[in-house]
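Reading through the structure tokens given below for one structure.
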Amino acid sequence: MRRSDRKRRDPDLGVLSSRLLFAVQEELFDTLAQQGHDQLRPQHGAVLAYLDPEGSRAVELALRSGQHKQVVGKLIDELEALGYLERRPDPADRRAKLVVPTTRGLDQMSRSDAILARIDERYAEALGADRYANFKQTLAEVTERQRAWRTGLPPEPA
């Protein structure tokens, strides 16, 4: 039996999670493009998905997303050039910079939240609210345990 046949019949956690990620990203970014945010790419989610509306430090975005600081820095540069965010002095520490969403960035964040809420609603309806809530809770726990295993830190509560 070829390995690809086995993966189709009994996909492992990596295959399943990547299929889910890519399908959700495709719907999210296609819908955002239809709503006027056509310059965004899925890679930008490593910043936008973790950005606080009041701003975040780049190092926090790297930690939250699990990306290297250099990758996050490049994405911040791109998003700043596209008008989605700006760097400002951090009022808590003038030596540090905050990455703050612009009006365009806040619009994208709001639209993304609405699109992802519709996806959640669709699956809650298709699978049943309790079953879908259990799935999300289990997926969150598996994800946190995997991240904890990779970092050596104890898992955070789901």
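What to note about this one:
- Counting only helices (runs of 4 or more DSSP H) that sit completely within the stretch 1-91, those holding 1 or more residues that are among the acidic types (Asp, Glu) correspond to 3-9, 13-34, 58-65, 69-81.
- Top-ranked residue of the stretch 67-109 - restricted to ones that are acidic (Asp, Glu) and over 19 Å from ARG41 (Cβ atoms), ranked as farthest from the chain's Cα centre (by Cα): ASP93
- Taking the numbered list (1) more than 23 Å from ASP113 (Cα to Cα); (2) crowded, with 16+ Cβ neighbours inside 10 Å in turn, VAL100 passes all entries but (1).
- Looking across ALA46, ALA62, one residue alone is under 21 Å from ILE115 (Cα atoms), without any contact (Cβ under 8 Å) to a residue 60 or more places away in the chain, surrounded by 11 or more Cβ atoms within 10 Å (Cβ to Cβ) and under 12 Å from the mean Cα position of the chain (by Cα). It is ALA46.
Just so you know, all these numbers are worked out from the coordinates, no wet-lab data involved. These figures come from a predicted structure and were not determined experimentally. Every residue, glycine among them, receives a Cβ derived from its backbone with ideal geometry; neighbour counts consider all protein chains shown.
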